[in-house]
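Report on one structure; see the data block that follows.
The values are calculated or read from the model by the stated rules, or taken from the named source; none is laboratory data. Bear in mind that the values here come from a model prediction, so they are computed numbers and not experimental data. So basically every Cβ, Gly included, is an ideal-geometry build from the backbone, and we count neighbours across all protein chains shown. Note: areas computed on protein heavy atoms with side chains; ligands, DNA, RNA excluded. Shrake-Rupley method; radii C 1.70, N 1.55, O 1.52, S 1.80 Å.
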Amino acid sequence: MQPNPNRRRFSTWLALCAGGALPLAASAAAPFPEKGRTIRIVLGLAAGGASDAQARFVANKLAEVLQTPVIVENRPGASFILATEEVIRSAPDGYTFMYAPSSVVAQNPQTLAQVRYDPFKDLTPISLGARGPLVLTVHASVPAKTVQELIAYVKANPGKMSYASFGTGTSSHIYGEAFARQAGLDVVHVPYKGGSDAAKDFLAGRVQYYFDAAPNAIQNTATGKVRMLAVAAPKRSPMLPDVPTMAEQGVKGVDMASWLGFYGPPRMPEAVVARLNAALAEVLAMPATRDFFRQGAYEAESSSPQALAALTRSTYDEWGDIIRKLGLARQAQ
């Protein structure tokens, strides 16, 4: 019997697949990250703020761990919406992800009508980054050294006082509104593009108080132009032991700790997420990183992607209750 030429060709094709084609296919998928290829950490805040400093510190250390350039790209504006949409549109290859406060995933989708993303479907959790409180700070021109003294002063000047925030729908805005509602204050909300923009007007006395990120609050207090009155957290910060909580001064419900996390585009490969997660865990555990974050009363902290996903859900639900009670759901900016 003559050999079947089609069978012979088929056998040859199988041999090529087993001995040549598969290794070639495997080699086509370059290991992550490719040495020399730049990784972007997108930040929806202007340069110069506390979150920007944290992101840049992590980027420098991450570049050492991954042996490839890592840069921070600032995309301020629209309460982090521009930055978030930039990340969502990016290729899910690990070379673009963001460092974002909890407001991006827990508050903005519930307060801003412009938000078109779903934090649970359109973002890939990579790792927690840091935890820390917001701090109620007041300009030195305001003669208040406690929360109750601030309440009394604002009530004595109805409609003349204003408070700043990182942006409409952010935690600093929601806390400011919750404080005003509970204390019965007649004040004006002034939203900014981030902590550094708010600080300019705050230090100049154009706005009288606001709930600021702890690192910014510490830095601004050092100028002598502002004072810290309270931390917006369930308990006092170990790094700010002399600053009482809002609850200790008679104001309840302004006590949720803030955090920041790393998120990537949707549909990121598990292997890429795992590599980034391991690298971030290494960076965030470094003594130098912990010391740097603690200078701003924040704790560097990593997590598994699954733990960050669970934290995102629980924080979303907790803020949802507050947002509904305040009537702040889905506002136009």
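Think of the chain as having a plus end and a minus end, set by charges on the Cβ of Lys, Arg, Asp and Glu; of PRO215, ALA198, VAL104, VAL104 sits farthest toward the positive end of this dipole. A simple spin-label model places the labels of ARG236 and ALA30 5.3 nm from each other, with each point 7 Å out along Cα-to-Cβ. The local environment of ALA63, defined by Cβ-Cβ distances under 13 Å, has a net charge of +3 under the rule Lys, Arg +1 and Asp, Glu -1.
In this simple spin-label model, placing a label point 7 Å from the Cα along the Cα-to-Cβ direction at both GLU73 and ALA274 gives a separation of 2.7 nm. Across region 77-85, rounded Karplus estimates of 3J(HN,Hα) from the backbone phi angles (6.51 cos²θ - 1.76 cosθ + 1.60, θ = phi - 60°) give x, 6, 6, 6, 5, 4, 5, 5, 5 Hz, Gly and Pro being marked x. Ignoring lysines fewer than eight residues from LYS145 along the same chain, the ones with Cα atoms less than 18 angstrom from its Cα are LYS155, LYS225. A simple spin-label model places pseudo-atoms 7 Å from Cα toward Cβ; at THR223 and THR38 they are separated by 3.1 nm. Could you name the lysines in cross-link range of LYS61, using Cα to Cα under 23 Å and dropping any fewer than eight places away on the same chain? Candidates past the 8-residue exclusion: LYS35.
Using +1 on the beta carbon of Lys and Arg, -1 on that of Asp and Glu, and nothing else charged, what's the dipole of region 45-159 about the Cα centre, debye to 20?
Values: 9 positive and 9 negative charges, 67 e Å.
So the dipole magnitude of region 45-159 works out to roughly 320 debye.
Extension gain for the segment ALA156 to ALA113, taken as residue separation times 0.36 nm less the Cα-Cα distance, is 12.0 nm to one decimal.
Subtracting the Cα-Cα distance of ALA329 and GLN306 from their residue separation scaled by 0.36 nm leaves 5.5 nm. In this Cβ point-charge picture (+1 for Lys and Arg, -1 for Asp and Glu), the chain has a dipole of about 560 debye about its Cα centre. The alpha carbon centroids of region 95-153 and region 198-231 are separated by 16 Å. If you plug the beta carbon distance of GLU299 and PHE120 into 1/(1 + (r/R0)^6) with R0 = 30 Å, you get a FRET efficiency near 0.75.
Using 1/(1 + (r/R0)^6) with R0 = 30 angstrom and r between the beta carbons of ALA281 and ASP186, what's the FRET efficiency to the nearest 0.05?
In this case the efficiency is close to 0.05.
Amide hydrogen proximity for ALA232: with H placed 1.01 Å from N in the peptide plane, the residues at 5 or more positions away or on another chain lying under 5 Å are LEU134, VAL135, LEU136.
For the chain, relative contact order (Cα pairs under 8 Å, six or more residues apart, normalised by length) works out to 25 percent. Solvent-accessible area per residue in region 161-258 equals 37 Å², computed with a 1.4 angstrom probe and all protein chains kept. Here the calculated FRET efficiency for ALA204 and SER314, from their Cβ-Cβ distance with R0 = 30 Å, stands at 0.20, rounded to the nearest 0.05. Subtracting the Cα-Cα distance of GLU149 and GLU64 from their residue separation scaled by 0.36 nm leaves 25.7 nm.
Please identify the longest segment of the chain free of exposed trypsin sites (Lys or Arg not before Pro), where exposed means a DSSP state other than H, G, I, E or B and no more than 16 other Cβ atoms within 10 Å.
Longest gap between qualifying sites, sites excluded: 38-115.
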